[in-house]
Amino acid sequence: MKKIIVNLKGEYFDDIKSGNKTFEYRLCNEYWKKRLENREYDIIEFRRGYPKNTETDKIISMPYRGWELRGIRHKHFNNTGATDKQVDVYAIHCDIKVNNE
């Protein structure tokens, strides 16, 4: 089984775990292009920070359902912290309600 691991800040991990967040965004750059484009995974694992494998409360594992390209405005995707600039991102599916049916 092929698995991709995505480490998250606590607030975003908690939003996925609660079912409030349905996409995790990653900037369209060479690093994420190599990890996502033309690649297939069976499992995606979201981790709160960099936990030990035994810290299972900080790990969400679900079937990988792919990604889509989107343009968004977000404070973490530019140098100023402003949200006035749109950037292209990989929107990775992470709807826990869909995956845990």
Ranked by GNM mean-square fluctuation in the chain (Cα springs under 10 Å), the top entry among Arg70, Arg48, Arg26 is Arg70
Helical contribution to [θ] at 222 nm, DSSP H n ≥ 4, -39,500 (n - 2.57), averaged over the chain, rounded to 500:
-5000 deg cm²/dmol
For each pair in Lys33/Lys85; Lys34/Lys75; Lys34/Lys85; Lys21/Lys58, compute the distance between the two Cα atoms and list the pairs where it is over 19 Å.
Lys33/Lys85; Lys34/Lys75; Lys34/Lys85
May I ask you to list the aspartates and glutamates whose Cα is less than 13 Å away from that of Lys17, ignoring any residue fewer than eight positions away on the same chain?
Glu45, Asp57, Asp95
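Each reported figure results from applying straightforward, stated rules to the coordinates on display, with no laboratory input. In this text the structure is predicted, and so the values were computed from the model without any measurement.
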